[in-house]
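Take a look at the structure set out below.
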Amino acid sequence: LYVEADLAEGVDVPCLPGQGHYLGQVMRKAEGDAVDLFNGRDGEWRASVASLRKDKAILVPRQRLRPQAATADIRLLLAPLKRDAMEWVVEKATELGVASIHPVFTARGIVGKINHERLSTIAREAAEQCERLDLPTIAPAMDLHAALEAWDGTPIFVGHERGAAPPLPTLLAGRNPPLALLVGPEGGFTKQELDVVGRRHFVSSAALGPRILRAETAAVAGLAVLQALAGD
Ligand code: SAM
């Protein structure tokens, strides 16, 4: 269970709104039961439920189970997709250990805003489910060119579905994080966008096979390759 408070032996941890209800009604926990906690900083702790009333729960860490491990800095930039596809990508990217997700508006994108709170909740639930010990950051949505202007120079591989881009695994030989993947919207990037983006010294085009993948498939397939070849 993700909590915001510091985790230390014997120090009370209050639950976030909704979690008391989740513990009591969904997980069927009662006072004295064990729950495993993480906060992205202090590793994983086995805690006991000290009190549970309505949506208010107090948990007390008893034993540290795992130290906090650094997450490989592998990032995903993608054009916001329709709600279900976007939520699916956030869930799967979190499972695949993505460090941050950067929604970027592009010329052919058909989705003009994201529900940041909902995507953050999905990321938190996916992190709990897959037992990672931190949450990916979901950056505020911004225009692609503005995002690249503010970018820190981390290498970005832009998914290129037609043409002669080298395969992503070939480009990764000998590379280590930080690394990032950029995936276009349902309608793809415009030629002009690819030209402008490709002029940045930190951007290279990458192929994920000869077929045209849906944007959500490309995001998840690309992250799987990055994690398998350069991640942890
Ligand atoms: N409308 C485009 C077309 O028909 O040519 C397809 C765009 S595709 C659905 C959405 C995004 O997924 C692309 O912008 C690209 O970043 C990524 N993508 C899809 N297939 C890919 C592939 N085989 N290799 C690399 N990236 C791919």
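Since every read-out is calculated from the coordinates, none of them should be taken as a lab result. In this text, all values refer to a predicted model and were calculated from it rather than measured experimentally. We place every Cβ from the backbone using ideal geometry, glycine too, and count neighbours over all the protein chains shown.
Below are the figures for this structure:
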item: Distance cut-off 32 Å, percentage of C-alpha pairs in the chain lying past it; result: 28 percent
item: Helical contribution to [θ] at 222 nm, DSSP H n ≥ 4, -39,500 (n - 2.57), averaged over the chain, rounded to 500; result: -8000 deg cm²/dmol
item: Relative exposure of V104, V183, judged by other C-beta atoms within 10 Å (fewest first); result: V104, V183
item: All-pairs Cα distance distribution in region 13-66, expressed in whole percent, bin size 10 Å; result: 28, 56, 16, 0
item: Candidate lysines for bridging to K54, where Cα separation is under 24 Å - those fewer than 8 sequence places away on the same chain excluded; result: K29
item: Given charges at beta-carbon only (K, R positive; D, E negative), |dipole| of the chain in Debye; result: 460 debye
item: Positive-pole candidate from G188, L52, V3, dipole of the chain, charges at beta carbon; result: G188
